[in-house]
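Here is the structure we will look at.
Values quoted throughout were computed directly from the atomic coordinates according to the rules given, and no laboratory measurement underlies them. All values derive from a computational prediction rather than experimental measurement. Methodologically, a virtual Cβ is constructed for each residue, glycine included, from the backbone with ideal geometry; neighbour enumeration extends over all protein chains shown.
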Amino acid sequence: MESMEFGQITRRGFMLTSGGVLATLSAGAHAAEPTKERLILRNPPATGLGPRVPLGEKMSIKSIETFVAPGMCIVRVTTDTGAVGYGQTAPQLPKITALILHEQVARYFLGADAGDPDALALQAIEGEMKFPGSYICRAVGGIETALWDLHGKLHDKSVCEMLGGRPRPILAYGSSMRRDIKPRDEADRLKRFQDQYGFKSFKIRVGTPVGHDRDQWPGRSEELVRTVRGTLGDKTGIFVDGNSCYTPRRAIELGRVLEDNDVRHFEEPCPYWELEWTAEVERALKVPIAGGEQDTDLAQFRRMIKMRAVDIVQPDICYIGGIGRAYKVAMMAAEAGMPCTPHSSNLSLVTLFTVHLMGAIPNPGILEFTVESFPNTAQAAYSPVLEVRDGQTQIPGGPGWGVTINPEWMEKAEYRISTKA
Ligand SMILES: [Mg+2]
């Protein structure tokens, strides 16, 4: 896309207004380090600018199929011209999401012109205004991502290129999902992942999800942060995720420990719907605040950014309803000078979608790459899988998403089709 060629940051660094210090990005790094301060972009994009699909021949959507297996719902879209694309809903509770897709969402897409995935996604979400968020957006995202694959294949371009980016290596961080693990054991296994895959940063879990200030066991969070920092050394980036655990008072208290241990972002410190609480924490702490993975409403992202509740936005492509909507959030963040680090906490296709998006936005953070079940046998649905070497993964350059959905996996999956009547 012609107007999206603004990926370079004018000054390879950030102004720290409080201290007047210039922190420089490491040479060659494509990721924006989390910071409290604002990126300075050349040619910042207009608000609300979304991706546009180069229009080819007119074609309407003829069928939408789902293939469901535990932790996975692959979507196949076919047009009346025979064009085919594959996408995926958010992977959690895939049977329910597939049901919603066929019963409630497919009708907005079937028979429609396939040329503008983002417009179709919006039409479905607005049409189901009485059922906002979650399942509708998860189902919409399944179809929308299939349409991006379809257009990429028609144009013989990767989705990343369709969005104006280019396939290249991008930095990944190792993301732990565990709270049932002792600090010593967590630090040791992250060190092993670092030695094996070269991760230059990791995310660890503090508190408990929507935990009302409760820790997994008393003192675990502080001990974890200190132990991991001590084991991984000063050069490794450490991020921390609270999963909506804390009141502002406790988040700020823990945040001081994070600051003392050079933690680079504090994610979802407060219940995610409590934007004012989160903004209070953001104002009190020097550590950058990250959030937004649960949110599906673009207006909520606009508010979050405007009130500076967060310093880093984290839309999840599969939760929010597809590439176009996540892209718009990234553009809102770019205009406000914030990095966008999409949420991608599992090794279904969501991490693949995310690398394509991150290759195309001007303000990518570091890719979230889960370390759970890694290498991951659950990736049997597609190939080739993403790999991490020297802390980086490669954006696939083949057409569409650049992967093949495994036919044997599809044969075993639970199948359903909706067609244009
Ligand atoms: Mg999170």
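Amide H to amide H under 5 Å from G115: which residues, 5+ apart in sequence or cross-chain, H placed 1.01 Å off N in plane?
HN-HN under 5 Å from G115: M59.
By how many degrees, between 0 and 90 and to the nearest 10, does the Cα long axis of helix 117-127 differ from the longest principal axis of the chain?
Around 90 degrees separate the two axes.
Tilt of helix 275-284 relative to the longest C-alpha principal axis of the chain, in degrees (0 to 90, nearest 10)?
40 degrees
How big is D, in µm² s⁻¹, for region 111-162 by Stokes-Einstein at 37 °C and 0.692 mPa s if Rh is the Kirkwood radius over C-alpha pairs? It would help to have the intermediate numbers written out before the result.
Details: Rh = 11.7 Å.
D = 280 µm²/s.
With a cut-off of at most 15 other beta carbons within 10 Å, and DSSP calling the residue loop, which trypsin sites (Lys or Arg not before Pro) in region 244-302 qualify? Please list them. Walk me through the intermediate numbers first.
On the way: sites: R249, R250, R256, R264, R283, K286, R302; in loops: R264, K286.
Counting only loop positions with at most 15 other Cβ atoms within 10 Å, the trypsin sites (Lys or Arg not before Pro) in region 244-302 are K286.
Which order results if Y415, Y108 are arranged by neighbouring Cβ count within 10 Å, fewest first? Before the final figure, lay out the partial values.
On the way: Y415 13, Y108 20.
So the residues, fewest neighbours to most, are Y415, Y108.
Mind ranking 363-372, 181-190 by how tightly packed they are, going by the mean number of other C-beta atoms within 10 angstrom, highest first? Kindly include the intermediate steps, with their values, before the conclusion.
Numbers: 363-372: 24.0, 181-190: 17.1.
In decreasing order of mean packing, 363-372, 181-190 become 363-372, 181-190.
Within a 10 angstrom radius of the beta carbon, how do K130, K157, K412 rank from fewest other beta carbons to most?
Details: K130 6, K157 18, K412 11.
Neighbour counts put them in this order, fewest first: K130, K412, K157.
On a straight-distance basis, which lysines could pair with K306 in a cross-link, Cα separation under 18 angstrom, same-chain partners fewer than 8 positions away excluded?
Straight-distance partners of K306: K36, K328.
May I ask for the net charge around F199, where only other residues with Cβ less than 13 Å from the Cβ of F199 are counted and Lys, Arg are +1 while Asp, Glu are -1? Walk me through the numbers on the way to the answer.
Details: positive: R189, K191, R192, K200, K203, K235, R389; negative: D195, E368, E387, D390.
Summing Lys/Arg as +1 and Asp/Glu as -1 gives +3.
Using a ≥ b ≥ c from the Cα gyration tensor of region 87-237 (square roots of the eigenvalues), is it rounded, prolate or oblate, where a/c under 1.5 gives rounded and otherwise the larger of a/b and b/c decides, a/b for prolate?
Numbers: a/c = 3.62, a/b = 1.74, b/c = 2.08.
Oblate.
Would you list which lysines come within 18 Å of K235, measuring only between C-alpha atoms, while excluding same-chain residues fewer than 8 positions from it?
K191, K200, K203
Where a Cα-Cα gap under 22 Å defines reach, which lysines qualify for K412, not counting those fewer than 8 residues away within the same chain?
K95
What angle, in degrees between 0 and 90 and rounded to the nearest 10, separates the Cα long axis of helix 183-197 from the longest principal axis of the Cα atoms of the chain?
On a 0 to 90 degree scale, this one is about 60.
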